[in-house]
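Taken together, the values in this text are just the output of simple stated rules run on the coordinates, not laboratory data. Just so it is clear, the model here is predicted, and its values are computed rather than measured. Don't worry about glycine lacking a Cβ; one is built from the backbone with ideal geometry, like all the others, and counts go over all protein chains shown.
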Amino acid sequence: MLQQGHYKELLNDKGRNTLARGRERQGPPKPPSPARTINMIIGGSNDASINEIKFTATHKIKRSITHKRYDGLEESIIFNGSDADKLTFLHNDSLVLTLRILDTNVKRIMVDDGSGVCIIHPRVLTQLRLEDKIVPCCIILTGFNNAVERTSREIILPVLACGVTLETIFHIMDQATAYNSIVGRPWIHPMRAIPSRLYQVIKFLTPWGIFSIRGEHRTSQKCYRVSMDSTTTQQKKDKEKEV
């Protein structure tokens, strides 16, 4: 009844302020339903395979939520025992989750705060029908062992998380991988997000307070196994070539 405006005259000033704050912190607006879901895309450039691509009849809806600055929030992001629910410790799993890119739920996205770029696989863009939005851009990526990879294309895509949309630059890399995308610091830092691989969650400071997205623990383990199998297969091929 109080939320509907009845009996407000019975509240003191403190009660009215508490009720007003509760209304202000109701949470982010609900996004439109996804037009499709991309689950898993793996394979090399010559023998590419696309599995489990689920489409719906939903029409594309163009809608964006403005990303405003909210430096005035005085809240701290913490992790505690409640974040460890249903987790088995100790584990070494990556943080893998689902994010809304454009109007599509894209699964198997790895959050990597050690990466200075965001990467997306070209076959994801094929499913999003965005090949015409790709622009040329050459950058050199250097790994831990100084291995060099070059990318020649990029695309800017809106990524929605917890009610906040951020236009993000993705570099396109056509490599065999278990992940559809990798989001690094260029997305994590502007989103004011703190990821925790240990607790398998990423938390955000938003205009509506602190929100979180749970990692997909089992999916992370599957991606690791796929990556290891792919590495083993490639090593066997390299040995056969040497012979």
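Evaluate the distance, in nm, between pseudo-label points positioned 7 Å from the Cα of residue 78 and of residue 144 along their respective Cα→Cβ axes.
3.2
Would you work out if region 78-154 is rounded, prolate or oblate? Take a ≥ b ≥ c from the square roots of the eigenvalues of the alpha-carbon gyration tensor; rounded if a/c is under 1.5, else prolate when a/b is larger than b/c, oblate otherwise.
Oblate shape, in that a/c is at least 1.5 and b/c is the bigger or equal ratio.
Projecting each Cα onto the charge dipole of region 152-243 (Lys/Arg +1, Asp/Glu -1 at the beta carbon, about the Cα centre), which of 179, 165, 198 comes out farthest on the positive side?
Among 179, 165, 198, the one farthest towards the positive end of the dipole of region 152-243 is 198.
Which of rounded, prolate or oblate describes region 111-232 when judged by the alpha-carbon gyration tensor and an a/c cut-off of 1.5? The partial results should precede the final answer.
Values: a/c = 1.65, a/b = 1.19, b/c = 1.38.
Since a/c reaches 1.5 but b/c is at least a/b, the shape of region 111-232 is classed as oblate.
Between residue 90 and residue 242, what is the FRET efficiency for a Förster distance of 41 Å, r being their Cβ-Cβ separation, to the nearest 0.05? It would help to have the intermediate numbers written out before the result.
Numbers: r = 38 Å, r/R0 = 0.92.
It comes out at approximately 0.60.
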